[in-house]
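Everything on this sheet refers to the single structure shown next.
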Amino acid sequence: MGYRIAEAAGIVGVPVTTLRYYEDIGLIDQPARGGNGYRFYDDADLARLRFITATKNLGIPLSDVAELVKAFDVEDCSSVAHQVVEMVAVRLAETQTRIGELVALAATLQTVSARLADAPTSGPCSDGCACATAAPEPLADRRTFVPLTRGPVVITPETPAVACSLDAGSVPDRISDWQALVGRAVAREPITGGMALQFAATPDLVAEAARLAAAEQDCCSFFTFTLRMTTGQVRLEVQAPEAAADVVAAMFGTTP
C-alpha cells in the first residue's frame, strides 16, 4: 500500500518537514514517486520511519540513529536490539550525570536566591555586595533542601519531603557512586514503592551498599533502604513515596 508524504507523516507522528529533512541528510532514501511527482511511502518505509522516531525519542543522536537504520535494514532484530541497548545505556549514564549536575545547580541557585533576598535595599552596588559575589561555600550547620519533584517542599516527621540536602559540590560524585554500584547488579525487580537490586555477595560490595544507603538516607530522608544478605547474594531494596517514582527510576533503573 502506498502513502503520500502527509499520510506517512501523520501515521508516524512527525511533521512533513521532518520526513523531508531525513531525506536531505540521507537518513532515509528518497521514496518512489508517482506519475504526478508525489512521494509515495510503502509499509517498509513506515516501519523504518517508526524505528527512527522511536530511537530518536530516546535522545539518541541522529548520527547514531543513522548507523542503527543501516542495521535495521539488514540485520536480525536481536542484533539491532543489542545495539539499541548499548546506546540507551550510554544515554542513561549521561542523563543520570545530568540529573546530578541539575540538582547541584538547583542547590546553588537556592543559596544565591536566599542571599539576594537578604541584600540591602539601599545604597549602590559594590564589589562586596550580594549582587556581585558568587555563591558562598555551604555552611556546615545549615542545609538547603532542593526539591526533586514539582510539588512544594513540605517537611514533617510523618511525610519527609521528596528533596535533597546534599551540598551542591558533592551531588555529581554521589550520582557516580550509585551508578558504579547499580552497574554491578545481576538482577532487578520492581517492589512495592520502589526497586530491588540483586548482587553477587562480596565484602566490598556489602560495605559500599551500606555506606551509600546511609549517606543517601542522611540527605534524602524520603528513601527507605533495606539490605538483605543470604549465602552468596546481597539484595538491596530501595523504596520511596509515589511522588519520587521518577527519582527512583533515574537512580536505580527499571525492569523491562
Hey, could you check segment 53-66 for residues that are within 16 Å of VAL85 (Cβ to Cβ), in a helix (DSSP H, G or I) and aliphatic (A, V, I, L, M) and say which is nearest to the chain's Cα centre (by Cα)? ALA54
Name, by its number, the condition in (1) part of a helix (DSSP H, G or I); (2) surrounded by 12 or more Cβ atoms within 10 Å (Cβ to Cβ); (3) over 23 Å from the mean Cα position of the chain (by Cα) that does not hold for ILE28. (1)
Selected residue (only one of ARG50, ARG33, ARG20, ARG4 is surrounded by fewer than 17 Cβ atoms within 10 Å (Cβ to Cβ), of a type in the set (D, E, K, R) and either within 28 Å of the chain's Cα centre (by Cα) or within 19 Å of ALA89 (Cβ to Cβ) (or both)): ARG50
Taking segment 36-46 only, how many residues are surrounded by 13 or more Cβ atoms within 10 Å (Cβ to Cβ) and within 20 Å of GLU67 (Cβ to Cβ)? 1
Among residues of segment 67-81 being in contact with a helix residue (DSSP H, G or I) (Cβ under 9 Å, 6 or more places away or on another chain) and in a helix (DSSP H, G or I), the residue modelled with the lowest pLDDT is ASP73
What pairs can you find where one residue is in segment 228-241 and under 15 Å from ARG188 (Cα atoms) and free of Cβ contacts under 8 Å to residues at least 12 places away in the same chain, the other is of a type outside the set (Gly, Ala, Ser) and in a strand (DSSP E or B), and their Cβ atoms are less than 6 Å apart, with a gap of 6+ or different chains? ARG228/ARG235
Condition broken by GLN30, with the remaining ones in (1) touching an Asp or Glu at 6+ places or on another chain (Cβ under 6 Å); (2) closer than 30 Å to ALA250 by Cα satisfied: (2)
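The values are calculated or read from the model by the stated rules, or taken from the named source; none is laboratory data. Because the structure is predicted, anything quoted here is derived from the model rather than measured. Cβ: placed from backbone, ideal geometry, glycine included. Neighbour counts: every protein chain shown.
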